[in-house]
Amino acid sequence: MKLSLSILFSLLLFINGFSQTGETTYSLFGQVLDDKGGGLPYVSIGLFNAKDSNYVKGAATEINGRFSVQIPSGTYYAKISFLSFKDKTVNNIVISNKDVDLKKVSLTPSVNNLDEFEVVEEKRLMELDLDKKVFNVGKDITNQGAAATEILDNVPSVSVDVDGNVSLRGSGNVRVLINGKPSGMMGMSTADVLKQMDATQIEKVEVITNPSARYDAEGEVGIINIVMKRDRREGINGSVNANFGYPNNYGGGFNVTFKRKYFNVFTGYGMSFRDSPGSSINKQDFTYPDTSFSYSSDSKTQRFSFNNNFRLGTEVFLNSYNSFTVSGKYSFGDGDNETNLIYSDFDQFDAAVQTVNRDEIEDKDRNSYNVSFNYRKTFKQKDRLLTFNLYKSQRTDNEHSTITQTNTNIASENLEQRIFNNEGGDTWAVNSDYVHPIKKGKIEFGLKHTNKKIDDDYAVEQFSDIINDWEFIPGFNNLVLYDEKVSAAYLMFGKKIKKFSLQLGIRSEYTDVKTELVTTNEINQRNYLNFFPSTHFSYELKKENSIQLGYSRRIRRPHHYWLLPFFSFTDSRSNVSGNPNINPEYTDSYELGHLKNWKKASLLSSIYYRYTTNTMDWIVFSDAEGVTRRRPENLGVKDSYGLEFSGSYELTKWWTIRGSYNFFREIRDGEFQGVEYDVDTYVWSTKLNSKWSIKKKVNLQASFNYRAPMQSPQGETFARYSLDLGFSFDVLKGNGTIAFTGKDVLNSRNRSGLAYGENFVSESKRQWRSRYVRVSFTYRLNQKKKRGADAIYQDNGGGEG
C-alpha cells in the first residue's frame, strides 16, 4: 500500500512538471452564468473570424459553466447560445501571443417564467460512445418504485434471472459499477446489492462490452455502469417519492440538492419493505448398478426485507479549475425468511417410501457504509484533466437460522439444527488519472490500488439427544479470512483525424490473493501479473452513420465465496461448496458495431466474438445416498460469437417502440477427472418495449422479454419469458406523477431446466418472486417535469482508474 501511494504521488509530481510544456496555440477561457450568477453547463460557444465571419472553432461549457478553447493569434467574435436564454455575441476578441480571459459572461432568460418552461424534446433512448452504449432509463414507467434489477432487465443486451443474477449477452461474468465505482457493499453478491437499490434514483445505464484500459480488467463480457441522478441547477431542487403494492410492497424516499455558486450539497434517503413469496419444485432420479431411487422436493419461501439507504455529500469549487467532492452512504436493514421444504421419496418401482419435512426460519441483519473523496482539476487547455479519488467501505452481514426436520417413517431422522453465518468486509481503493490533450488527440494514464478484506465465520450445529446439547456438524465449522490486493497502471492514446477516431491502451494488474481457513489451518496464497491491451476504432459515415471496431482482454477472478468450503444448508440433499484451488479465467473479446440514426429512429448492429481460456464452471456430482454436491472447477476453453440489434422507432408523435435481438453460438470444450464436458449451443433472446403518450400527460407502456433455451455442460435451461405493464399521468400542474405498474403479469418469470450427471437426472423449476402490482407517486421540488434537456448526471470525477 505504501509503495502504491509513493508511486501515486510521484505521478502527481510528474504531471505538474509535464504541465509546464508550451503550447502552439493560446487559450481563450471564461465562464458563462445565468441571471442568478450560477454556472450554466453545456452552453454552445462558436468562434468566428472577425474579417470574413468564417467559423473557426466551437466549444461547450463544463458543469460549472467554465470553458476553454485553443486558437491561434487573430481577431475573433464569439456567439454564445443556450436553450431558453437569449443568444449573446462577444465582439473584438484579440489573441496576440498570450491567453485571453473573457471572465464572466451572463445570459438573459428568453422566457418570462422559467418555472413554467417545459422542454419537450426527448433525450435519445440509446447513445453510442467510442467504447460504450448509453441507455437513458430515467422515464421508464415500469421502473417506478422498483429495484435496480428490474431496470437492468429492460436494458438491451442485459438479462436478470429469477435470483437477481445479472448477465450480459448470455454470460453472467459481468462487472457492475455504480457511478463508475464498485458498490459500497463489496463482498456481497451483485444480485443482493442491486435488490437493495431503489430504481427511482437511477438516470441511465452504460453498457461497456469492450472496456478500454481505463477500467478494471475484471469481467469476462464487460461492464455495466449504473449512473445515479443528481440535479445541478441553482437553488433547492429534488424529488420526493412513495410507493405501495401487492404482495406487501412499500417504499419511499427523497433526493434533494442545494446549489450555490461555489458549492452544492446533495442528500437522499430511501426506504423499502418487500414481501417476496417464492417457490421451487425439483425431481431427482438416481441410477446406480445395484439400486435406483428418486425423490421430489417442493419448497415454499416467504421473504420479508426492510432496507434503508442514506446518502450525503458536498461538492466545492475552490476556483475556476479546482473542485473536490466528499460523499458518503449508509445502509442498514434486516430480513426474515421462512422456508417449508418437503421431500417425497420413492423406490425403484416408483412407490412412495417416506415424506420428510424441513422447516427453516432465518433472520438477517446487515449494515454498510462507504465514504469517498474526489479531487478534480481542470486547466486552461480544453479537455485536460487530473483526478484523484480515495474510497473506503465497510459492511457486516449476519445470518442466523433454525431448522426443524421431521420424518414420517424414521424417528431417528427427526432433527433440530441451527446455522450461524457472520460476514464482514472492508475495502480501500485509491486511484489517480490524468488526461493531456495533444493535437487532435489525447494521452491518458493512471494508477490504482485496491485492498479488499473479508471474514466469514460460519457454523452448523445439531442438537444431540445423547449429550442433550448442541454439537458442530463435522466439516461445517470454520473461520475464513480473505485478503485481495490488486495494483494497476494503465496508459492510453487517443486521436481523431477528420472522421476517424482511434484509442489504444494497455493496462497491467498485479493480483495478490490470500485465503485462510483458520479452524483447519489451511492457507492458500496466489499472486500473478497480467497485461490487458485494448483498441477501439470508429469512423463517422455520412447521414448519421458511424461504425466501431473494438478489442479488449479481460480477466475473471473467483469471487471470495467461491473459495468457501460451505455455502448453504437449507436443502440438506443439495450441497453447494467452493473450491480454494480454482484459477481465474481469461477472455479475448472482439466487436464490430454500426449505428444509424434517422430523424425518428435509430439502429445499433453489432457482431462480436469472445475466446475464453481456463473457464470456470459449476459441476454437479451425486452419491449413493441421493445427495448432490455442486462446486466450481476449471474445465477448458469456450468460443462465443453472435449478432445483436438494438433500436427504437417513433411510429407517431404519440407511439414509440424500442427493442433488441441477440443471437449467439457458444462452443465449450472441457474436461475434468476424465469426464468430458463439451457443448455446442445456439441461443437467442429478444426484448420489445412499446410506449404510448396521450397529450404528453398520460403515458402507457408494455415490455416483453423472451430468452430461448440454452444448453450447458451438464444440462439445459428452458425458455423464459415475462410481460410488464404500466401507465402514468401528471398531476399538480406537472409537479407530480402517479404511476401504476404490473410486473410479470403472466406469472411466467421463473427458471426451469434439466441437469444430468453420471448417475442422476434432475428437473427443476424455481420462481424467486411471484407477480405483483405497485402504485407510485413522485413530487418534484422547484421544477417541472423535464423531458430531456436538463437531465444532469452525477459524476464525482474519475472512474475505475
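Of the residues making up segment 294-346, those that are open to solvent by 10 Å² or more (accessible area, probe 1.4 Å), of a type in the set (Val, Ile, Thr) and within 29 Å of the chain's Cα centre (by Cα) are 301, 314, 316, 326. Selection of strands (runs of 3 or more DSSP E) fully inside segment 186-286 by the criterion of at least 2 residues being open to solvent by 20 Å² or more (accessible area, probe 1.4 Å) and modelled with pLDDT of 70 or more returns 202-208, 235-246, 249-259.
State yes or no: is residue 749 at negative phi, in contact (Cβ under 8 Å) with a residue 60 or more places away in the chain and not in a strand (DSSP E or B)? Yes. Just checking, does segment 76-85 include any residue being modelled with pLDDT under 85, of a type outside the set (Gly, Ala, Ser), part of a loop (DSSP other than H, G, I, E, B) and open to solvent by less than 80 Å² (accessible area, probe 1.4 Å)? No; the residues of segment 76-85 include none that is modelled with pLDDT under 85, of a type outside the set (Gly, Ala, Ser), part of a loop (DSSP other than H, G, I, E, B) and open to solvent by less than 80 Å² (accessible area, probe 1.4 Å). A residue that is free of Cβ contacts under 8 Å to residues at least 24 places away in the same chain, assigned to a strand (DSSP E or B) and closer than 28 Å to residue 453 by Cα cannot be found anywhere in segment 544-562. Taking segment 86-104 only, how many residues are part of a loop (DSSP other than H, G, I, E, B) and free of Cβ contacts under 8 Å to residues at least 60 places away in the same chain? Residues flagged as part of a loop (DSSP other than H, G, I, E, B) and free of Cβ contacts under 8 Å to residues at least 60 places away in the same chain within segment 86-104 amount to 1.
Listed here are the residues, each with its yes/no results for (1) in contact (Cβ under 8 Å) with a residue 24 or more places away in the chain; (2) hydroxyl-bearing (Ser, Thr, Tyr); (3) in a strand (DSSP E or B); (4) under 26 Å from residue 595 (Cβ atoms).
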site	(1), (2), (3), (4)
658	yes, no, yes, yes
671	yes, no, yes, no
681	yes, yes, yes, no
685	yes, yes, yes, yes
724	yes, no, yes, no
734	yes, no, no, no
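Scanning segment 651-681 for residues that are surrounded by fewer than 18 Cβ atoms within 10 Å (Cβ to Cβ), closer than 26 Å to residue 694 by Cα and of a type outside the set (Gly, Ala, Ser) turns up 651, 652, 653, 654, 655, 657. Test residue 485 against the criterion of being surrounded by 13 or more Cβ atoms within 10 Å (Cβ to Cβ), touching a Gly at 6+ places or on another chain (Cβ under 7 Å) and of a type outside the set (A, V, I, L, M), and give yes or no. No, not satisfied. Please determine whether any residue of segment 442-452 is surrounded by 18 or more Cβ atoms within 10 Å (Cβ to Cβ), at pLDDT 90 or above and under 21 Å from residue 518 (Cβ atoms). Yes, segment 442-452 contains a residue that is surrounded by 18 or more Cβ atoms within 10 Å (Cβ to Cβ), at pLDDT 90 or above and under 21 Å from residue 518 (Cβ atoms). Please determine whether any residue of segment 365-379 is hydrophobic (A, V, I, L, M, F, W, C), open to solvent by less than 40 Å² (accessible area, probe 1.4 Å) and not in a loop (DSSP other than H, G, I, E, B). Taking every residue of segment 365-379 in turn, none turns out to be hydrophobic (A, V, I, L, M, F, W, C), open to solvent by less than 40 Å² (accessible area, probe 1.4 Å) and not in a loop (DSSP other than H, G, I, E, B). Consider segment 615-630 and keep the residues that are in a loop (DSSP other than H, G, I, E, B) and of a type in the set (Asp, Glu). The one that is surrounded by the most Cβ atoms within 10 Å (Cβ to Cβ) is 623.
Looking at segment 90-118, which of the residues that are at positive phi and at pLDDT 85 or above is most open to solvent (accessible area, probe 1.4 Å)?
To start, the set of residues in segment 90-118 that are at positive phi comprises 92, 97, 103.
Checking which are at pLDDT 85 or above leaves us with 92, 103.
Values: 92: 118, 103: 140 Å².
Among those that are at positive phi and at pLDDT 85 or above, it is 103.
The values are calculated or read from the model by the stated rules, or taken from the named source; none is laboratory data. Everything numeric here is computed off the predicted structure, so don't read it as measured data. Every residue, glycine among them, receives a Cβ derived from its backbone with ideal geometry; neighbour counts consider all protein chains shown. The protein model used for the area step is the full one, side chains on, heavy atoms only, and it has no ligands, DNA or RNA in it. Shrake-Rupley method; radii C 1.70, N 1.55, O 1.52, S 1.80 Å.
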